[in-house]
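The values are calculated or read from the model by the stated rules, or taken from the named source; none is laboratory data. All values reported here derive from a predicted model rather than from experimental measurement. Neighbour counts are summed over all protein chains in view; Cβ atoms, including those assigned to glycine, are modelled from backbone coordinates with ideal geometry. All accessible areas refer to the heavy atoms of the entire protein, side chains included, with ligands and DNA or RNA removed. Shrake-Rupley method; radii C 1.70, N 1.55, O 1.52, S 1.80 Å.
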Amino acid sequence: MADLRTRYLGFELRTPLVASAGPLTGRLDTLVRLEEAGISAVVLPSLFEEELVSESLELHDVLELGTEQFGEALSYLPDPGFYEMGPERHAQLVASAKDHLAIPVIASVNATTPSAFARYSCVLTDAGADAIELNLYAVPANPDVGADAVESRYLEAIAAVRDVVTVPVSAKLSPFFSSTGHFAVRAAEAGADGLVLFNRFYQPDLDLESLDVLPIVELSHPFELRLPLRWIAILRSRLPGVSLAASSGVHDGLSALKALLVGADVAMMTSALLQLGADHVRSVEAELRSWLADHEYVSSSELRGSVSQATGSDAGEFERANYVKVLHSWTSADNFAVPGLD
Ligand SMILES: Cc1cc2nc3c(=O)[nH]c(=O)nc-3n(C[C@H](O)[C@H](O)[C@H](O)COP(=O)(O)O)c2cc1C
């Protein structure tokens, strides 16, 4: 049987299959099932700063309620569970995941300021998190704020967390930077031990009857893997000491394999596990193993990075050449047919 071991953020993992942040990693029972099915590490759902602020406001409202009529006030008090607000619930999940799982437990933070990123990262590492993933997801919607300011904020967040925690830190990036590669390199320089490429932006839709904005979470499609594949291929040789995780579109063993070929250390999954359940991890691993056996590889490390771009090659030129080639391949395709054109 092929050896699938890999290193990610300094941890030796049995296989490169990791469950990325999502509903299945937010509950102890499904975390246990993921581990039983063979997942090698888990990223817990992000602790969102806004979630905590709104919880605090809710608690404040409940406590204020009825204070004018003391006789009745006690019955208005929320039940004791309600006081476990703020980072406590996330810390508890980290602690119970650590109690029940043998695999690395990575906690995720999404905040709005570098100091909040640092504060919540400390709460989660104090609870036992083996590593911190910084979910750098923000829509820079203010046209008065330029790219430099947005990027500096992210880099400050990475540096602030790096300063206060001793565990490995990874940064989960969006693909929407003017110069994605440049930002990735700066993120590593700011202290990220690993990069997760990429987060997905959830794009709301409109209801044409009510004219409401519909918050829609759509699961990924396998073709979305091509974006992380491209960027991991470009970055692998430029960031030799940095762990790289492919996220978006990993749905089966063959897609995990492609992630390894371009140089990813791990392949992360959320959508496929939500669609097919925790047990899907078994078939992903089996498919990975069977491809390696069919192609006579004894270990996945033999092929890791073999399709990434070499250091020193001009990635821009290569991408441009490919772009032109791909467009031309369409016009010469056998089945090319446009209605109305002979
Ligand atoms: C319902 C849902 C909840 C998610 N929650 C988080 C989260 O809390 N933090 C985070 O960084 N990513 C979150 N994600 C993004 C996933 O971790 C992952 O990066 C993304 O879905 C792309 O991977 P996939 O193609 O395997 O789904 C969530 C995704 C889904 C579908």
Long-range tail of P(r) for the range 197-284 (Cα pairs > 16 Å, %): 57
Contour minus Cα-Cα distance for V185 and A102 (0.36 nm per residue): 26.7 nm
Binned Cα-Cα distance frequencies in the range 115-238 - 5 Å width, integer %: 2, 9, 18, 18, 17, 16, 11, 5, 2, 1, 0
Over 20 Å [Cα-Cα, the range 103-168], rounded percent: 29
Net length gained if the chain between E296 and S237 were fully extended (0.36 nm per residue, minus Cα distance): 18.7 nm
Peptides 251-262, 28-39, 223-234 ordered by average Cβ neighbours within 10 Å, highest first: 251-262, 223-234, 28-39
Principal axis dimensions, largest first and in whole angstrom, of the range 163-213 by Cα: 51, 26, 15
Surface accessible to a 1.4 Å probe, V167 within the full protein complex, Å²: 30
Relative packing of 114-120, 40-46, which averages over residues the other C-beta atoms within 10 Å, highest first: 40-46, 114-120
Anchor K258: lysines whose Cα lies under 30 Å away (excluding residues fewer than 8 positions away in-chain): K172, K325
Packing rank of 94-104, 150-160, where each peptide gets the mean count of other beta carbons within 10 Å, highest leading: 150-160, 94-104
Fully extended contour minus Cα-Cα distance, from S283 to A149, at 0.36 nm per residue: 43.8 nm
Two-site FRET efficiency, L208 against K325, from Cβ-Cβ distance with R₀ of 51 Å, rounded to 0.05: 0.80
